[in-house]
Amino acid sequence: MDNMTVYTRVGNQGQEIYAFTFACSRSVAKENISITGNLLDTSIDCFLAMQTGRLAEGIREVRWAEGILRVEVVPFSFQAPYTLKIGSETFTAADSVETRTLWADDFVPLERDGILYRLYQPSGEGPRPLILFLHGGGEGGRDNWKQLVGCFGPTFLAEQYPDCYVMAPQADRAEPTPEQLEAFRRQTFYHSWNMTGWDRETLSRICGIIRGMIAQGAVNPKRVYVTGLSMGGGGTLRAMNVGADLFAAAVPVCPTMTPETYHILCGLTHAKIWIAASYIDHTLYRHKYLVDGILALRDAGNRDAHLTLFSPEELAEYGIGVIPDMPLDALFGWNHTCWIPTYHDEKGIMSWMLNQVRE
């Protein structure tokens, strides 16, 4: 048995394995196949493993045809230290010869003007809408891949809106250390260190790439949208400032808020914007900025400025924050993943965005 191929997709919790295939000369009964180690050593993933039956029934289905054995499993994190046992043979991640990822493999890797990005290209003719997705703080680097699979977002947008371009650039920065994150949350040095990743120069070059696609006739100039989560949510606000003439609408999700992004938000008096966040998350001051900013826009007459704060009950519908008696710091960190209901079009947020047209 050889040529182990791993099949993954980007689910609500990130990249997850859902199947394996092997070159195999004969069928193997399901009862002779088992999997262990298919969970991360975190309270959240252990809880989800029990909820989904992942531990009790890790193998879903086994099929053999034309020399290929396919083993479908209850989906689990791509980062998990799994061991798959088939008869007397055992396999781990090190034995894989290929990994295939739904939708992510359809994004073309590109680089232009120093910007690394992945681009999903629709098959429709004529100028198409474009969604710019800005990733969060954990997906930066130079591999031009992690921004697709490190978090739920761009691949799902391509799946839901296959008639649109989906552009997912990668911020050229290392993941912040826990000490840097804690200092940033306390707002002790945001002026002296670029925590955001999505600086104005980077965003201006990204906007330039999009303008080039418009000039080539590929992108509809009236239907360019921007969304992002956490650090990318703050980047979305900054992009609306840098590319004020470019975007028809924006959906910042749990955006990183500083005095700078707050003042940008307050200045979007003619922008179409819908911000989504949880009722509370690990950055406790975020909501003061968001509520005050949206109220300022509404007071200025902007009826296209919206704010949704997901309640505990609404988050629980997506399996967020559902562990009983969870410590508050862990609960608030989990609440941060409110991009899950947002990109699933809860409250019609994404439908609203895609229906806006730049005048």
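The values are calculated or read from the model by the stated rules, or taken from the named source; none is laboratory data. Nothing here was measured: the structure is a model prediction, and the numbers come from that model. Glycine also receives a Cβ, built like all others from the backbone with ideal geometry; neighbour counts cover every protein chain displayed. All accessible areas refer to the heavy atoms of the entire protein, side chains included, with ligands and DNA or RNA removed. Shrake-Rupley method; radii C 1.70, N 1.55, O 1.52, S 1.80 Å.
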ask   = So what's the net charge close to Ala277: Lys and Arg +1, Asp and Glu -1, counting the other residues with Cβ under 14 Å from its Cβ?
value = -1
request  = Provide the FRET efficiency to the nearest 0.05 for the Arg142-Lys222 pair, computing r from the beta carbons and using R0 = 41 Å.
outcome  = 0.75
key: Length gained when the stretch Ser311-Thr36 is fully extended (0.36 nm per residue, less Cα-Cα span)   = 95.5 nm
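Mind checking the per residue accessible area of the range 10-125 for me, 1.4 Å probe, whole number of Å²?
54 Å²
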inquiry  = Taking loop as defined by DSSP and a crowding limit of 12 other beta carbons within 10 Å, which GluC sites (Glu not before Pro) in the range 17-115 fit?
reply    = Glu57, Glu66
key: Where trypsin sites (Lys or Arg not before Pro) fall in DSSP loop in the range 1-75, at most 12 other Cβ within 10 Å   = Arg26
remark   = Given chymotrypsin sites (Phe, Trp or Tyr not before Pro), DSSP loops and at most 13 other Cβ atoms within 10 Å, the longest exposed-site-free stretch of the chain is 1-188
note = Taking every DSSP bridge whose two residues both lie in the chain, the antiparallel percent to the nearest 5 is 60 percent
task = Just grab the label-to-label distance for Val291 and Leu102, each label 7 Å out from Cα along the Cβ direction, in nm (one decimal).
result = 3.9 nm
remark   = Rounded to 0.05, the calculated FRET efficiency for the beta carbons of Ala94 and Cys46 at R₀ = 22 Å is 0.40
inquiry  = Shape verdict for the range 228-342, please, from the Cα gyration tensor: rounded (a/c under 1.5), prolate (a/b greater than b/c) or oblate.
reply    = prolate
query = Carbon and sulfur atoms: what percent of the 1.4 Å accessible area of the chain do they account for?
reply = 50 percent
query = What trypsin sites (Lys or Arg not before Pro) does the range 265-359 have in DSSP loop regions with at most 16 other beta carbons within 10 Å?
reply = Arg303, Arg358
task = Please give, to one decimal in nm, the separation of the simple spin-label points placed at Asp163 and Ser351, each 7 Å out from Cα toward the Cβ.
result = 1.5 nm
ask   = At a Förster distance of 45 Å, what's the computed FRET efficiency of Tyr279 paired with Ser25, Cβ-Cβ distance as r, to 0.05?
value = 0.20
